[in-house]
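Okay, so here's the structure we're looking at.
The values are calculated or read from the model by the stated rules, or taken from the named source; none is laboratory data. All figures in this text were calculated on a predicted structure; none of them were measured in a lab. For neighbour counting, all protein chains shown are included, and Cβ atoms are generated from backbone atoms with ideal geometry for every residue, glycine included. We work out accessible area using only protein heavy atoms, side chains counted, and drop any ligands, DNA or RNA first. Shrake-Rupley method; radii C 1.70, N 1.55, O 1.52, S 1.80 Å.
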Amino acid sequence: MNNASLRTYIYKSLVLSLVPVITVVNFQSISVADPVQTSKPKTLAQSLPNKSQIAATPVKAKKPKAPARIAAPVNNNFADSYTLGPSDRLRVDIFNVPEYSGEFFVLGDGAINLPVVGSISVQGLTIQQASALLTTYFSRYVKRPIVTISVLAPRPVQFAIAGEVTRAGSYTIPFTLENRKFPSVSQAIQLAGGTTQTANLRQVQIRRAGTGRVLYVNLFDVLQGGNIAPDISLRDGDKIYIARSESVSSEDRLRLASSNLANQDATVKVAILGEVGKPGTYTLKGESGASAGGIVGRVTPPTLTEAIKIAGGSTASADLSRIRVRRNTRTGAGQTVAINLMNLLQSGDFGQDIILQDGDTILLPTATEINSANSALVAASNLGPQAISPPKVIVVGEVNRPGTYTVKSESNTTNNNTQLAGTVALPTVTTAIQAASGIKPTANIRQIQLIRTTRAGKQEIAIDLFKLLQEGDGSQDIIIQEGDRIIVPVAQASNSQDVELISSSTLSPATIKVNVIGEIATKASKGGTIDVPPNTTLNQALLIAGGFDNVRANKNEVDFIRLNSNGTVTKRMIKLNFARGIDPDSNPRLQNNDTIVIGRNNLTRVGDGFSTILTPFGGLFNILRF
């Protein structure tokens, strides 16, 4: 080899050995992924790629696998817990490489299109995870790249809620620049109109969209103890399901009703049936917080007692201890809630006054046994008849004036004469008997029968007023209602004590009418029809009428005439004995419309006979005198 050839060979070797050094110095962190191998050596200019060639350089190596998706932590820190998804607007910055930086949208498939690396899926990744993933991809084109991702405009949080809520469905809550906190479960329930009264808040189910993980939270911890830990934050795509509780205690109903998780829709349409004044369908509206004495701006939903009052109140036959509320649940299955409003009236159990839901059906059943004390309690409350007209009833049997009566009651008083403004004292059986002028002494007050037509059909009620008179059992004097029939039977056998007790009670009239005719004393004659107190005997009536005519009257015996209830007339002669007390034979107790006839003595009869015979001759003597 000559000297020229040797110099040329050394020069080319030196130039080729300097090419890698010059490339690193001029391009700093840029390196080619796949250098092209050629059989011929290239010059320095040919060996250095330009910017357009770098961008267009194909990536032959397989893309590294994306890191595994990690479930979103249960916290409300946006930067740490936000997961990327479609419609997010991001800012991707690569330190010192502005040509690869910029603003990008997450597309519908969860990917972003970036320079050089192309389409990268970031669906379900946090900001930190997405930054680590992009660093992996850009490291093939940029030496030790520093990738920063910022969320310029996060997508709204969309979730679905179903089950025992007022308005189930899908809801969207947008993020704002001022508020980048995730919504909580309670906020989602409020947005859906609140829960129903049968919601099971102890096992609220939340299904995460990204991982499929199912969480159960107990929101009653929030209501009972103020523990906000169960009120976790939601993520985009979460599904909330609130199941129906098979049994809800009155305490839980009351606690839920007073919270902001309850149904805030104050207008419901319900049907009320059974023993109410005006059965039918009603649209009820709740009271605003200001008018109800509560929080201003909040509306109290209508309750069961409000529905009963609007329907005219309960009737005298209603059994408030066995009220049933039938309602449809969100699953389509029916549910029956048992209510005892007597506990509300007697012990103040407000848990029985449940909040109504749209579509509820309320049934007030007919009482199988009438309790006068309970009836009086209901009548004195605002659950009784709100606007009542005097009932029309029929009273027959052993009363002085059988027939149909419109029985009026004392206004604003109860059966114990307690003044209650705004209430109505309902008429009772004894009020109806008094309207029929009282019972007769022959009445059997132990077996009075009341026949009533209820919503469920005919009802027969046995009444023993003797317990009322003898033992003070006020439960026997039940409240009457429109259409009642009261039957007072005849006593088959009675004793003087019973008759005296009845006659001296308010069941008997204050006075009875007795006819005393015949030979009554002329100077103080009160003969004819006289009013005497009940239990008056025959001897007493003779004295009240003025006594005997000392000249004409037969003082030994009188005729006694009685009109029987069966339409017959009894007449008998009674020998007088003023020294004897009450005696059915010689001195009986008088009844209404009894008649006493005082006859003439024997001398008066003879004298009246001669006077009758001689009267015609007196006229003849007058003619002859002329």
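Calculated FRET efficiency, Arg324 and Thr172, Cβ-Cβ r, R0 35 Å, to nearest 0.05? So, using R0 = 35 Å, E works out to roughly 0.30. For the cross-link pairs Lys467/Lys571; Lys278/Lys408; Lys309/Lys467; Lys408/Lys440; Lys408/Lys467, the ones whose C-alpha atoms lie over 30 Å apart are Lys467/Lys571; Lys309/Lys467.
Computed FRET efficiency, Cβ-Cβ of Ile228 and Thr453, R0 51 Å: what is it to the nearest 0.05? The calculated FRET efficiency here is 0.35. What the pair-distance distribution of the stretch 120-180 shows, using all Cα-Cα distances binned every 10 Å from zero, is 18, 32, 25, 16, 7, 2 percent. Surface analysis of the stretch 217-259 yields an accessible area of 46 Å² per residue, using protein heavy atoms and a 1.4 Å probe. Take the Cβ-Cβ distance between Ser504 and Thr529 as r, set R0 to 30 Å, and report the resulting FRET efficiency rounded to the nearest 0.05. Rounded to the nearest 0.05, the efficiency is 0.85.
Taking a sphere under 13 Å around the Cβ of Asp464 and counting the other residues whose Cβ falls inside, with K and R at +1 and D and E at -1, yields a net charge of -2. Scoring 153-160, 476-483, 429-436 by mean Cβ neighbours within 10 Å over their residues and listing the highest first yields 429-436, 476-483, 153-160. One equal scatterer on each Cα of the stretch 94-147, no solvent, Debye formula: the resulting log10 I(q)/I(0) at q = 0.13, 0.19, 0.24, 0.31 Å⁻¹ is -0.29, -0.62, -1.00, -1.48. Model label sites at Arg401 and Asn343, defined 7 Å from Cα along the beta-carbon direction, differ in position by 4.9 nm.
Here the accessible area of the stretch 490-597 is 50 percent carbon and sulfur, with a 1.4 angstrom probe and all protein chains present.
Seen from a random direction on average, the alpha-carbon convex hull of the stretch 476-515 projects onto 4.8 square nanometres.
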